[in-house]
Amino acid sequence: MTEIIIERISHMLTNKGHGLYGGEAVTQTEHALQCAALAENAGAKPKLITACLLHDVGHLLEDDFELAHAGNEDMCHEDLGEAFLIKWFGEEVCQPVKLHVDAKRYLCATNDRYFDKLSQASVHSLKLQGGPMSDDEVETFEANTYYKEAVRLRVWDDLAKDPDLTTPNIAHFMNYVAESLS
Ligand code: FE
């Protein structure tokens with residue numbers, strides 16, 4: 001059973017992630033690997049590294065992500081990703097994935113310099129995702145047990161768009177995925 005999901009995730013990352021990551025200069029697979037590598041370098045726990053590797057798995061499940069992006073449609077990939085992951089992983093993996101879009105809206109509301117550093121594609125999707133959080137939304141977000149992990153993931157997510165960054169390979173990170181299965 002666990003071999004099947006490991007196989008499936010590594011197959012998705014190997015074969016389905018060749019498309020450019022929504023208007024960025026890296027492919028979806030490079031983006032996933034860079035996000036996981038940044039977490040690993042920062043000394044994050046295996047489950048958070050796994051969440052980083054798989055935070056956009058919802059995009060790999062949608063064949064028409066690029067079309068949705070071009071057509072100004074929010075596919076809610078964080079919910080799609082969480083619904084897929086919840087079958088195999090606990091909250092420490094699933095919650096940061098589910099919350100990583102809200103974390104962007106949170107950071108836009110609470111950190112002035114954050115918005116200025118967002119890529120053009122990310123500013124574009126922010127509008128579709130509801131814009132910066134209101135004060136009430138900020139309060140609700142901070143009540144979530146995993147909000148800090150979601151914010152850490154988000155910061156690495158934003159940095160994981162560097163065409164010159166090299167990372168360990170998929171197999172390397174699949175060790176963390178295997179370790180994180182519930
Ligand atoms: Fe991402």
Review point. Taking springs between alpha-carbon atoms closer than 10 angstrom, which of D112, D162, D79 fluctuates most in the Gaussian network model of the chain?
Key: D112
Practice item. Would you mind counting up the charge near A103? Only other residues with Cβ under 13 Å from its Cβ, with Lys and Arg at +1 and Asp and Glu at -1. Key: -1
Review point. Counting pairs of alpha carbon atoms under 8 Å apart in space and at least six apart in sequence, what relative contact order in percent does the chain give?
Key: 33
Review point. Count the lysine pairs in the chain that are 8 or more places apart or on different chains: how many have C-alpha atoms under 19 angstrom apart?
Key: 15
Check your understanding: For the chain, with only Lys/Arg (+1) and Asp/Glu (-1) charged at the beta-carbon, what is the dipole magnitude about the Cα centre, in debye rounded to 20?
Key -> 380
Practice item. Springs between alpha-carbon atoms under 10 Å, Gaussian network over the chain: tell me which of H124, H172, H18 tops the mean-square fluctuations. Key: H172
Review point. If amide H atoms are built 1.01 Å from N in the plane of the peptide, which residues on other chains or at least 5 residues away come under 5 Å of the amide H of T27?
Key: Y21
Study note, to complete from the structure: The set of residues whose placed amide H lies less than 5 Å from the amide H of F89, leaving out same-chain residues fewer than 5 positions away, is S182
Check your understanding: Over the alpha carbons of the chain, what is the largest minus smallest coordinate on each principal axis, giving the biggest first in Å?
Key -> 44, 34, 28
Check your understanding: What residue among R105, R113, R152 has the largest mean-square fluctuation in a Gaussian network model of the chain, using Cα springs under 10 Å?
Key -> R113
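Only the coordinates and a few stated rules stand behind these numbers; no lab work does. Being a predicted model, the structure only gives us computed values, none of them experimental. Positions of Cβ are generated from backbone atoms using ideal geometry, with glycine treated the same way; all protein chains shown enter the neighbour counts.
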